[in-house]
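What follows is a single structure, written as structure tokens, with notes after it.
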């Protein structure tokens with residue numbers, strides 16, 4: 001990757017830049033798709049995200065439906081080889097240590113047996129999606145990065161299961177319905193499908209993202225009132 005000086009889309013610092021890929025090219029088989037979005041990233045931000053990208057990829061290929069997507073199948077061998085590397089011992093132990101047996105039943109309650117499942121670190125998945133959202137924001141807003149006084153908030157579909165019905169209704173009316181009114185877009189041989197909508201407030205946007213035709217996230221950009229950003 002050829003470096004040039006400029007503003008990093010993630011940290012905002014003026015540094016030598018490389019191209020970061022949206023979605024992460026680790027999620028795609030070879031040859032890499034030609035339609036990945038390229039965003040300007042400093043090496044520190046680019047390299048610092050690689051472990052989360054690897055975790056995201058590994059969790060996706062281990063998931064039943066997502067793992068059957070053609071691009072997930074194409075990267076499964078590299079994910080499994082990564083787990084076998086000596087320098088990945090801690091990473092592999094952490095994933096294997098999260099495995100447990102779960103009882104599988106039909107919607108009617110019929111016992112189907114037990115199957116292994118993994119306790120996924122949703123925080124790590126959300127970090128990848130937050131980065132993807134920042135890149136897509138830059139891509140769709142005339143190559144202007146999200147300001148430092150704004151943040152990206154991400155919820156995975158699994159992470160939404162604990163919220164109240166009232167919050168679900170508010171989230172749907174404020175974010176989901178407006179986004180669903182806009183066209184779906186696809187990148188990377190259908191690795192990522194997404195929709196987005198802008199509000200009447202500057203820099204406030206909503207996003208629905210789906211990876212491998214299965215794993216869904218909601219994200220929005222909003223003013224950072226707490227002093228923290230994602």
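Bear in mind these aren't lab numbers, they're just calculated from the coordinates by the rules spelled out. Remember, it's a predicted structure, so these values are computed and weren't measured experimentally. Note: ideal-geometry Cβ built from the backbone for every residue, glycine included; neighbour counts use all protein chains shown.
The calculated FRET efficiency for the pair residue 47 and residue 225, based on their C-beta separation and a Förster distance of 25 Å, comes to about 0.25. When 18, 225 are sorted by how many other C-beta atoms sit within 10 angstrom of their C-beta, beginning with the fewest, the order is 225, 18.
When 191, 75, 179 are arranged by Cβ crowding within 10 Å, least crowded first, meaning fewest neighbours, the order is 179, 75, 191.
For a Förster distance of 30 Å, can you work out the FRET efficiency between the beta-carbons of residue 149 and residue 190, rounded to the nearest 0.05? The formula returns an efficiency of 0.30 here.
Residues 55, 137, ranked from the fewest to the most other C-beta atoms within 10 Å, line up as 55, 137.
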